[in-house]
Amino acid sequence: MVIVALEVGPLLSNAYLLKDEEGEAGAVIDPGAEGERIIARCRSEGLVPHFIINTHGHIDHVGANAALKEAFPGAPLCIGARDADRLTDAAGNLADLFGVPAMSRPADVLLEEGRELRFGSVVLRVVETPGHTPGGVCLLAADESPPQLFCGDLVFRLGVGRTDLPGGSARELAASIRTRVLTLPDETVIWPGHGPKTTVGAERSENPYLDLADPSCA
Ligand SMILES: [Zn+2]
């Protein structure tokens, strides 16, 4: 799988362009802003998105959904079922808070635990990880070597996602990290919603916030 990371918008969100190495089939994760730039990069990479996927419903991850859907109308817009309402709710997706007029289209596909999104030879499996938002999901490409995890705002290089926004839960975030991330092999590459990529092993040993995820704190 080819992975292109683009940092977009004022909040420096990571939009990920994924493409099968053998063909044009691909996916876009979290087109948060700068739709024209994301679309241009898809075209220059020879990538045809089969899915437009949001890890969660915050505006800095969904802001360019409409532009992507217009450019690639055949690609279903996918988001965790419990975050779907946020796409068209300017309070829920924080557009009001950030003073951004952008609004997404409604979802085409509601993602739930275990669902597989396939393009070319790539399989992304949906992992439900509430905490930053109730409907937050990770996308796990378990068949890649090493495995690749796209985790939105769940965990970052030396950090974790905010839980003080509407619908956030520190307890759920800790449980999601403990049971869905720290259970993956150390070599698993983590591609977060902001900042640089990392690995499960690096965060397990170096992330000071993961004490939160210690079983004794549950
Ligand atoms: Zn967020």
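Here, each number is a calculation from the coordinates, and none is a lab measurement. Not measured: the values here are computed from a predicted model. Note: ideal-geometry Cβ built from the backbone for every residue, glycine included; neighbour counts use all protein chains shown.
Worth pointing out:
- Net dipole in debye of the chain [+1 Lys, Arg Cβ; -1 Asp, Glu Cβ; about Cα centre; nearest 20]: 160
- Dimensions (Å) - the chain, Cα atoms, principal axes, largest first: 48, 41, 28
- Sequence-separation-based contact order of the range 118-218, relative, with Cα cut under 8 Å and 6+ spacing, percent: 27
- Helical contribution to [θ] at 222 nm, DSSP H n ≥ 4, -39,500 (n - 2.57), averaged over the chain, rounded to 500: -4500 deg cm²/dmol
- Among the GluC sites (Glu not before Pro) within the range 1-100, those in coil by DSSP and having at most 10 neighbouring Cβ atoms inside 10 Å are Glu21, Glu22.
- The alpha carbons of the range 98-218 give a radius of gyration and a Dmax of 14.6, 43 Å, in that order.
- Between Thr183 and Asp85, the FRET efficiency from the beta-carbon distance, with R0 = 25 Å, is close to 0.25.
- Candidates Ser13, Ser104, Ser44, ranked by Gaussian network fluctuation over the chain, Cα under 10 Å, top entry: Ser44
- Antiparallel bridges, percent of DSSP beta bridges restricted to the chain (to nearest 5): 65
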